[in-house]
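Novice: Supplied in structure tokens, the structure appears directly below.
Since every read-out is calculated from the coordinates, none of them should be taken as a lab result. This structure is a prediction, so every number in the text was calculated from the model and none was measured. Cβ: placed from backbone, ideal geometry, glycine included. Neighbour counts: every protein chain shown.
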Amino acid sequence: MGKSFRPSTRESRIISEIELSRELAKKNAINRLRDCVPNLSNALSMKLVESKLIETNNKNSIQEQMEKCLTKLIHADDFDIDYQIAPIRNIVSNGNIISLYLTAYIIEHLINHRDIIDIYGSDEEIYSCVDKQVNKYLS
């Protein structure tokens with residue numbers, strides 16, 4: 001007969017604190033995002049085009065789509081955020097929730113936009129480009 005494992009109250013408290021700190025960091029990042037949506041969407045769309053990860057006919061349209069995505073993220077509940085990032089959650093360990101959300105949006109939704117010719121690069125390359133811009137504006 002196997003030994004049953006019962007976590008001690010100390011282990012349970014530590015696990016609870018870790019989960020609470022992750023949730024707090026997520027909420028703080030989304031709150032800071034409110035102040036820089038236009039600037040971040042502009043920088044992000046320019047960087048994606050400059051890095052040749054996105055080929056487009058209209059850069060302004062991409063900026064508008066990024067701004068809509070960020071606004072949707074600000075108003076989304078936890079389930080919607082988790083649902084959006086679920087397919088790409090394993091790209092990086094402990095990834096930035098905003099960068100993951102934007103990367104998932106680019107890979108799954110933006111690719112079908114009428115002004116997008118094609119999206120190049122791997123999921124990791126797109127995440128890396130997005131994460132650099134997000135960290136620049138939210139740090």
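Novice: Would you kindly derive the ³J(HN,Hα) couplings of the stretch 128-139 from the backbone phi angles with the Karplus curve 6.51 cos²θ - 1.76 cosθ + 1.60 (θ = phi - 60°), listing them in order in whole Hz, with x for Gly and Pro?
Specialist: The phi angles translate into 4, 5, 5, 5, 4, 5, 5, 5, 5, 8, 9, 7 Hz.
Novice: Also, quick follow-up: Based on the alpha-carbon gyration tensor of the stretch 20-83 and its eigenvalue square roots a ≥ b ≥ c, which shape applies: rounded if a/c is under 1.5, prolate if not and a/b is larger than b/c, or oblate? Before the final figure, lay out the partial values.
Specialist: On the way: a/c = 2.32, a/b = 2.18, b/c = 1.07.
Cα axes put the stretch 20-83 in the prolate bin.
Novice: For the stretch 60-67, in order, what is each residue's ³J(HN,Hα) by Karplus, 6.51 cos²θ - 1.76 cosθ + 1.60 with θ = phi - 60°, in whole Hz (x at glycine and Pro)?
Specialist: Taking θ as phi minus 60°, the curve returns 5, 5, 5, 4, 4, 5, 5, 5 Hz for the stretch 60-67.
Novice: Something else about it: Based on DSSP H runs of at least 4 residues, each adding -39500 (n - 2.57), what is the mean residue ellipticity at 222 nm of the chain after dividing by all its residues, to the nearest 500 deg cm²/dmol?
Specialist: Values: 6 runs with 92 residues, N = 139.
Mean residue ellipticity, 222 nm, calculated: -22000 deg cm²/dmol.
Novice: Could I ask something else about it? Obtain the radius of gyration and the Kirkwood radius of the chain from its C-alpha atoms and give Rg over Rh.
Specialist: On the way: Rg = 17.7 Å, Rh = 16.3 Å.
Rg/Rh for the chain comes to 1.09.
Novice: Further question: Return a single number: how many Lys pairs in the chain, at a sequence separation of 8 or more or on separate chains, have alpha-carbon atoms below 15 angstrom apart. Show your work: numbers first, answer last.
Specialist: Values: Lys27/Lys72; Lys47/Lys59; Lys47/Lys132; Lys47/Lys136; Lys59/Lys68.
Eligible lysine pairs with Cα atoms under 15 Å apart amount to 5.
Novice: Sticking with this structure for a sec: Could you give the distance between the Cα centres of the stretch 27-50 and the stretch 94-139, to the whole Å?
Specialist: So the separation of the two Cα centres works out to 11 Å.
Novice: Specify whether the C-alpha gyration tensor of the stretch 87-130 places it in the rounded, prolate or oblate class, a ≥ b ≥ c being the square roots of the eigenvalues: rounded for a/c under 1.5, otherwise prolate if a/b is larger than b/c and oblate if not. Display every interim value, and only then the final one.
Specialist: On the way: a/c = 2.46, a/b = 1.91, b/c = 1.28.
It comes out prolate by the Cα gyration axes.
Novice: Output the direction-averaged projected area (hull surface divided by four) of the convex hull of the alpha-carbon atoms of the stretch 63-108, in nm².
Specialist: Values: hull surface 12.3 nm².
Over every viewing direction, the Cα hull of the stretch 63-108 projects on average to 3.1 nm².
Novice: A further question follows. Set Lys and Arg Cβ to +1 and Asp and Glu Cβ to -1, take the dipole of the stretch 14-134 about its Cα centre, and tell me which of Ile116, Ile62, Ser93 lies farthest positive.
Specialist: Ile62
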